[in-house]
Structures are given as C-alpha cells and as structure tokens.
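J.: Handing you a structure now.
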Amino acid sequence: MQYIYITTQLKDEIGTITLSNPKRRNALSKSLVDEVIQALDALRKSKARVIILRALAGSKVWSAGHEVTELPLPRRDPLSYSDPLITVLREIQSIPLPVIAMIEGSVWGGACDLALSCDILIGSPSANFCMTPAKIGVPYNASGILHFINIMGVNIAKEMFFSAQPMSAEKAERLGILNHLVPLKELEEFTYALARQIALNSPLSISVIKEQIRLLASAYPLSPNTFERVQGLRRLVYDSEDYAEGIKAFLEKRPPEFKGE
Ligand code: YXS
C-alpha cells in the first residue's frame, strides 16, 4: 500500500504509523485519516502485537488537529459519528491490540482526542496538549467529552475546554494523561522497549482486557431524553453565527470575535 501522508513499518511484531504531513502540521484531514485507518487494518492483519502512532522525528507539532478547512459549514454537525476524525478515534479504541502514542511536539484540538484514544501515551517535554473547540466555536461531542472526563476528571477537562490553553507535558504526566514523560533523546528507545515487553504477553488476553476497559469506561446509560438534550445543545452551537465566525477567523488568521449567538 502506497501512502502519501503517513509511513508504516512492521518489525518484530511491532507496527509503527508515522504521521508525515509536516507542511500541514499533520492536520487530520480525511485523506490522512483514511490512510491511518488503512494502516491500522493492514498492521492488524499482519499480526502486529502493538502499534506505535508517532510523528516524524524532530516534529515541533505532533498534530494540529482536525483539518479546519474540512469542518462543515454552519447547520451541519461538525463532529458527527461519520466524521473522519471521530471514525479514526473509534478505530483506535476498538482495534484489538494496544496502540501507543509516542508524542514529540504539540497536540491540538481533535489530535488530543486522537492521542487520548491510544492506550498508552509516552511524551517528550515538548508534548503539550491544547483543546481548541471553544477557541473555534465548535461544540465538541459527548463521546469525546466523556473520554476527557474519564482520563483527567471533570475539573481539568473543563479548564482544558474552557481556556483552550496548552497543558505542559509535565502537568500532563502529573495528571496521568501521559503514562510516561521521558527526555527526547530517550523517547524512541523507551517507547519501543515498552512495546517489546507488551509484545511478549498474551495478545488474546490483552485484546479482551482492552475491550472490557473500553466497554466499562463508556458504560454510561444515557436516556433517549438526555441524548436528545445533548444533541439539541450541540445544534445551538453549530447553528450559531459564532461557529461560522470561529472558522472564518481561523482561515483569515485573526482572533475570532464571538458574540454568543
Ligand atoms: O498558511 P499555510 O497555507 O502554509 O497553512 C499553515 C496553516 O494554516 C496550516 N494548518 C492547518 N490547516 C488546517 N487545519 C489545521 N488544524 C491546521 N493547522 C495548521 O498548516 C500550515 C502551517 O501552519 P503554521 O504556519 O501555523 O505553522 P506553525 O508551526 O507556525 O504553527 C503550528 C501550530 C499548530 C501552532 C499552528 O498551525 C496552529 O495553531 N494550528 C491550528 C491548531 C488548532 O487550532 N487546531 C484545532 C483544529 S479544530 C479541531 O481539532 C476540532 C474541530 S476541535 O477544535 O473541536 O477540537
């Protein structure tokens, strides 16, 4: 399979997917995401025991998040179930083998959810995390928000979403968002050593434990009424002038002027 925006490798049952579109700061466009999904499937079929998701060595940005030019115009859900970004999050969460995010560089918006969808996160000191929906005027979505709550707790999740300010790698490690924070020069060896350790263990047991954790972590019964209220609230946002202004401001490279309507 010839890829354009990523590269993949399989060695000693350890797969590696490298985000390789630096000129767009690995923005999660449909094209890039489709390649990641294909690579995940190919590595699973090739009996990879572990997959490492990384950016090119030396990256200042691991991924700049959703490709903003692909966000839909107002009056359409910007992060619907079939959105490419949301699709790859589900793929990573459900692939029956551990995916390790090896993070060098900053992580933005939906790419934070991509990293958090991985099973283990290992970062260098440059691995900071910035959650951007409020900066762009996007309502985010329930499964993504639940993801943040499960991993970091309500208060930290609120501050990340409300402030849209980067969280340092040190703080991310302190909060358990990063499993490990290691010096950049040790990042690769540390990550692959852990992957090799995992690859020695029972893939069947690991796959079943991973799926149990996924099911238990998302075992929040939402009544139809609650679900409809969530969707109604989200529609208020993506139908708003603010949503259109947020995207327009991003593309015009200027600060947005939100009016709350
Ligand atoms: O000006 P050119 O054409 O060279 O393009 C520039 C950027 O416009 C482009 N680019 C992006 N294009 C679309 N979507 C993006 N997310 C995106 N990020 C970057 O890539 C070219 C190089 O970017 P530049 O010059 O800004 O690079 P830099 O090294 O000075 O700065 C790197 C960043 C990551 C700090 C900067 O590119 C940046 O702030 N990017 C946007 C990060 C962001 O706000 N992401 C959130 C996207 S929205 C999303 O993920 C969800 C919908 S949500 O918000 O709900 O989470």
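The values are calculated or read from the model by the stated rules, or taken from the named source; none is laboratory data. If you're wondering where the values come from, they're calculated on a predicted model, not measured in any experiment. Every residue, glycine as well, gets a Cβ built from its backbone with ideal geometry; the counts of neighbours run over all protein chains shown. All accessible areas refer to the heavy atoms of the entire protein, side chains included, with ligands and DNA or RNA removed. Shrake-Rupley method; radii C 1.70, N 1.55, O 1.52, S 1.80 Å.
J.: Would you please state which residues of the stretch 96-124 a label at LEU175 would reach in this model, taking the label point 7 Å out along Cα→Cβ and a backbone N cut-off of under 20 Å?
T.: Residues passing the 20 Å test: 101-124.
J.: So with the 1.4 Å probe, I'd like the accessible area per residue for the chain, rounded to whole Å². Display every interim value, and only then the final one.
T.: Values: 13340 Å² over 261 residues.
Computed with neighbouring chains in place, this is 51 Å² per residue.
J.: What residues qualify as long-range amide H neighbours of ALA55, i.e. H under 5 Å apart, gap of 5 or more or another chain, H built at 1.01 Å from N?
T.: LEU19, GLU104
J.: Tell me which of PRO98, THR7, SER117 sits at the most positive position along the dipole axis of the chain, charges placed on C-beta atoms (Lys, Arg +1; Asp, Glu -1).
T.: Going by the Cα projections, it comes out as THR7.
J.: Okay, moving on. Take the solvent-accessible surface of the protein heavy atoms, probe 1.4 Å, and return the percent of it on the chain that carbon and sulfur atoms account for.
T.: Details: 7780 of 13340 Å².
It is 58 percent, rounded to a whole number.
J.: How far apart, in nm, are two points set 7 Å out from the Cα along the Cα-to-Cβ line at GLU70 and at ASP34?
T.: 0.9
J.: May I ask you to compute the full-extension gain from ASN150 to ILE213, defined as 0.36 nm times their residue separation minus their alpha-carbon distance, rounded to one decimal in nm?
T.: Numbers: separation 63, 0.36 × 63 = 22.68 nm, distance 1.13 nm.
Working it through step by step, the gained length comes to 21.6 nm.
J.: If you don't mind, another one. Specify whether the C-alpha gyration tensor of the stretch 32-82 places it in the rounded, prolate or oblate class, a ≥ b ≥ c being the square roots of the eigenvalues: rounded for a/c under 1.5, otherwise prolate if a/b is larger than b/c and oblate if not.
T.: Numbers: a/c = 3.72, a/b = 1.53, b/c = 2.43.
Cα axes put the stretch 32-82 in the oblate bin.
J.: Around ILE86, what is the net charge, scoring Lys/Arg as +1 and Asp/Glu as -1 over all other residues with Cβ under 11 Å from its Cβ?
T.: Details: positive: ARG90; negative: ASP77, ASP83, GLU91, ASP113.
Residues close to ILE86 contribute a combined charge of -3.
J.: If you don't mind, there's one more thing I want to ask. For LYS253, give me every one of the lysines with a C-alpha distance below 27 angstrom, ignoring sequence neighbours fewer than eight places off in its own chain.
T.: Filter leaves LYS23, LYS30, LYS60, LYS135, LYS158.
J.: What number, in nm² with one decimal, is the all-direction average of the projected area of the convex hull of the alpha-carbon atoms of the stretch 123-261?
T.: Answer in nm², one decimal: 11.2.
J.: Can you give me the relative contact order of the chain as a percent, contacts being Cα pairs under 8 Å and 6 or more apart? Walk me through the numbers before you get to the answer.
T.: Working: 455 pairs, mean separation 49.4, N = 261.
Once normalised by length, the contact order is 19 percent.
J.: Within the chain, what is the longest stretch that has no trypsin sites (Lys or Arg not before Pro) placed in a DSSP loop and near at most 14 other beta-carbon atoms within 10 Å?
T.: Numbers: sites that count: LYS47, LYS60, ARG75, ARG76, LYS253, LYS259.
With trypsin sites (Lys or Arg not before Pro) excluded where exposed in loops, the chain gives 77-252 as its longest stretch.
J.: Given the -39500 (n - 2.57) contribution per DSSP H run of 4+ residues, what per-residue ellipticity at 222 nm results for the chain, rounded to the nearest 500 deg cm²/dmol?
T.: Values: 11 runs with 123 residues, N = 261.
Roughly -14500 deg cm²/dmol at 222 nm, from the helical runs in the chain.
J.: All other residues with a Cβ under 15 Å from the Cβ of LEU10 taken together, and with Lys, Arg as +1 and Asp, Glu as -1, what is their net charge? Intermediate values should be presented prior to the final figure.
T.: Details: positive: LYS11, ARG44, LYS45, LYS47, ARG49, ARG54, ARG196; negative: ASP12, GLU13, ASP41.
My count for the surroundings of LEU10 gives +4.
J.: Something else: Name the residue from PRO22, SER168, MET131 whose Cα lies farthest towards the positive end of the charge dipole of the chain, charges +1 on Cβ of Lys and Arg and -1 on Cβ of Asp and Glu.
T.: PRO22
J.: Run the numbers on the stretch 35-121 and let me know its relative contact order in percent, using alpha-carbon pairs under 8 Å that are six or more apart.
T.: Values: 110 pairs, mean separation 35.2, N = 87.
Worked out over the stretch 35-121, it gives 40 percent.
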